[in-house]
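Novice: Once you've had a glance at the structure underneath, I'll fire off some questions.
What follows draws every value from the coordinates through simple rules; no lab data is involved. Given the structure is predicted, the values throughout are model-derived calculations rather than measurements. No Cβ is skipped: glycine too gets one built from the backbone with ideal geometry, and neighbour counts run over all protein chains shown.
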């Protein structure tokens, strides 16, 4: 095995040496011969040799736009996008009208995650492209995905609509469009795209979840729960699918069924902090406080910013007579969400129970001033749960190959 690896390394070094020898021969001639040798090495796929050749061209002529452009292309093919961006910009500084380089620059900016700069690069190209051309569609797709990558979902929607209309079989684009519609609060758009997705994949758990989130935002919790049930059936292992259904059932006061879903989520991911917190709350509401405390403590260790976990733990500690610990948890819940009516009401009750009537009156006054903050949507809860890292549903390289 080691002999084989060594032999391959020797052959590789020999190929590079031969390539550099050819380059040296070309260098003995003129600049045109050197450029021709570099282009030949690039065409043959000899990347290190081609890079060296184009750098030799630049050593002789630092203002050779073609050399910078080809060097950028080689760097981009090796996913060295930062270096490619620099090379493309040098090429354009020498020759701003060099064909194709602006697009290459935009692609490298896009793939390196510099979405704003990519959009600025693509927009002039889009204006110059014929309206119904493949190039125009490609640029619109790139701009839409760049807006999506920046979290500018409303701006992404019209571009992604054109992309999906032109490519009816592209499921990832439709999922990206549905998510953009959801996150920009265009809920009917989500449902419209959902029905299109069903024609491509009748059992898409992610699409079912998106439709469920949209229906929940439209205040149809029962229909939202049905969509999440469909998602669970389609893929019971999908992250957050059981949590989403459990949260909807919790909101419908079906605590026993909700607890089963939170437990199912924890079976998939034992460190799902929101599922731990809501399972604990469900146990409290079902009269099982002894089961809740360890769940709440683990949830807080995993995510110290879970308001519900601190609130419920404060209530349990207060009931157990652990006043100092209870006050600490209740005040932590208040710091996390000072606009939650229930937190102030619980603090008011706590202060009244220990004889601090003035502090109690202040908390009850805050309670009256605030609207109920606990009526959140499954979308908001999933968004918080997914802050651990939500994957982008589109592989940006797939539609962008040159």
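Novice: Once the Cα gyration tensor of segment 107-147 is found, what semi-axes does its equivalent ellipsoid get, as square roots of 5 times the eigenvalues, in whole Å, sorted largest first?
Specialist: 18, 9, 7
Novice: With a/c under 1.5 counting as rounded, go ahead and sort segment 253-326 into rounded, prolate or oblate using the C-alpha gyration tensor (a ≥ b ≥ c being the square roots of the eigenvalues; past the cut-off, prolate if a/b is larger than b/c, else oblate).
Specialist: oblate
Novice: For residue 267 and residue 354, calculate 0.36 nm times their separation in residues minus their Cα-Cα distance, and state this gained length in nm to one decimal.
Specialist: Fully extending the segment from residue 267 to residue 354 adds 27.3 nm.
Novice: In vacuum, with every alpha carbon of the chain counted as one equal point scatterer, what does the Debye formula give for log10 I(q)/I(0) at q = 0.06, 0.12 Å⁻¹? Two decimals, please.
Specialist: At q = 0.06, 0.12 Å⁻¹ the computed log10 ratios are -0.41, -0.98.
Novice: What distance in nm separates the simple spin-label points at residue 195 and residue 218, each placed 7 Å from Cα in the Cβ direction?
Specialist: Taking the two extended label points, one gets 1.0 nm.
Novice: How tilted is helix 341-353 with respect to the longest principal axis of the chain? Cα atoms for both, answer in degrees (0 to 90, nearest 10).
Specialist: That works out to roughly 40 degrees.
Novice: Per 0.36 nm of contour for each residue apart, how much would the distance between residue 235 and residue 131 grow if the chain were fully extended, relative to their Cα-Cα spacing?
Specialist: Gain on extension, residue 235 to residue 131, equals 33.4 nm.
Novice: Continuing with the same structure: Kirkwood Rh over alpha-carbon pairs of segment 239-394, then Stokes-Einstein at 20 °C and 1.002 mPa s: what D in µm² s⁻¹, rounded to an integer? Display every interim value, and only then the final one.
Specialist: Numbers: Rh = 16.0 Å.
Here the translational diffusion coefficient equals 134 µm²/s.
Novice: To test your reading of the geometry: what angle, between 0 and 90 degrees and rounded to tens, separates the Cα axis of helix 255-268 from the longest principal axis of the chain?
Specialist: 30
Novice: Right, another one. Once both labels are modelled 7 Å past Cα along the beta-carbon direction, what's the residue 345-residue 184 spacing in nm?
Specialist: 3.8
Novice: Calculate the length of the line joining the C-alpha centroid of segment 84-161 to that of segment 204-266, in whole Å.
Specialist: Taking the Cα centre of each part, segment 84-161 and segment 204-266 sit 38 Å apart.
Novice: Rounded to the nearest 10 degrees, what's the angle between the helix 171-183 long axis and the longest principal axis of the chain, both from Cα atoms, 0 to 90?
Specialist: 50
Novice: May I pose another question? Pick from 75, 42, 358: which is most flexible by mean-square fluctuation in a GNM of the chain where alpha carbon atoms under 10 Å apart are linked?
Specialist: 358
Novice: Working out 0.36 nm times the residue gap between residue 370 and residue 55, then minus their Cα-Cα distance, what length gain in nm do you get to one decimal?
Specialist: Working it through step by step, the gained length comes to 106.7 nm.
Novice: Same structure again: Separation between the residue 169 and residue 63 pseudo-spin-labels, each 7 Å from Cα along Cα→Cβ, expressed in nm?
Specialist: Simple spin-label model gives 5.1 nm for this pair.
Novice: Considering the chain as a Gaussian network with a 10 Å cut-off on Cα pairs, which listed residue, 290, 44, 217, attains the greatest mean-square fluctuation?
Specialist: The residue with the greatest mean-square fluctuation here is 44.
Novice: For residue 78 and residue 323, what does the FRET efficiency come to when R0 = 51 Å and r is the distance between their Cβ atoms, rounded to the nearest 0.05?
Specialist: Efficiency computed from Cβ-Cβ geometry: 0.20.
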